[in-house]
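Just below is one structure, and these are the notes that go with it.
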Amino acid sequence: MKQKEFNIPFSGLKQGKHNFNFEIDNTFFDSFEYDDFNDAKLNLDVLLNKTSVMMELDFEITGTVNVDCDITSEAYDQEISSELRLVVKFGDEYNDEDDEILVLPHGEHQVNVAQFVYEMAVLAVPQKRIHPGIEDGTLKSELLDKLNELQPKEKKDNKEESDPRWDELKKLLTDK
């Protein structure tokens, strides 16, 4: 089983709320053979609420992952945060097909949350990764300069000029 340090033992816990905290770095993502992150510094808080018949796990992940910009390939730190609520029930066999309900076999004494944490972190990164220096103009890059140079120029001075082929049709709109 991946990442044994992400096993949360619950069999000896009293009913009620219990906090667990994990520090996550890039070795965690390497174990999933995920290499989109250059580095990761994440904090995971898990609140386990144990009742007599089930458990609720509330995950909150925050921190930064170092990724490459989709436009310039420059590396930068992307802040991420994500939350997930997972209900853990007990049944005849393990079942994680539902995104919000995990079924553990009767007699199980711990739950491994590594897969849920992995998915939360990866999905928290924006689909399009853009270096913040592009938006505020502070990033200086040869590639960015070349993109700006090749960008099509707008014709602002003759926006009022109209196409004579459409003039007759426009008259129809005004002649009622």
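The values are calculated or read from the model by the stated rules, or taken from the named source; none is laboratory data. Predicted model only: the values in this text are computed from it and were never measured. Glycine gets a Cβ as well: all are built from the backbone with ideal geometry, and neighbour counts include every protein chain shown.
Observations on the structure shown:
- Residue within the stretch 157-168 that is surrounded by 15 or more Cβ atoms within 10 Å (Cβ to Cβ) and modelled with pLDDT of 70 or more present: no
- Single condition Q127 does not satisfy, out of (1) closer than 30 Å to T72 by Cβ; (2) surrounded by 10 or more Cβ atoms within 10 Å (Cβ to Cβ); (3) modelled with pLDDT of 85 or more: (2)
To keep it simple, each residue is scored yes or no on (1) modelled with pLDDT of 95 or more; (2) surrounded by 13 or more Cβ atoms within 10 Å (Cβ to Cβ); (3) not hydrophobic (A, V, I, L, M, F, W, C).
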residue	(1), (2), (3)
F59	yes, yes, no
D68	no, yes, yes
S73	no, no, yes
Q78	no, yes, yes
F90	no, yes, no
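- Where a residue in the stretch 20-48 is at positive phi and its partner, wherever it lies, is surrounded by fewer than 13 Cβ atoms within 10 Å (Cβ to Cβ) and part of a strand (DSSP E or B), with Cβ under 7 Å and at least six apart: none
- Subset of the stretch 1-51 (residues that are buried (at least 17 other Cβ atoms within 10 Å of the Cβ) and of a type in the set (A, V, I, L, M)): I8, I24, A40, L42, L44, V46, L48
- The lone exception for V53 - which of (1) in contact with a His (Cβ under 8 Å, 6 or more places away or on another chain); (2) closer than 25 Å to G107 by Cβ; (3) modelled with pLDDT under 90 it fails: (1)
- Restricted to the stretch 14-114, the set of strands (runs of 3 or more DSSP E) holding at least 2 residues that are touching a strand residue (DSSP E or B) at 6+ places or on another chain (Cβ under 8 Å) and of a type in the set (K, R) comprises 39-50, 75-91.
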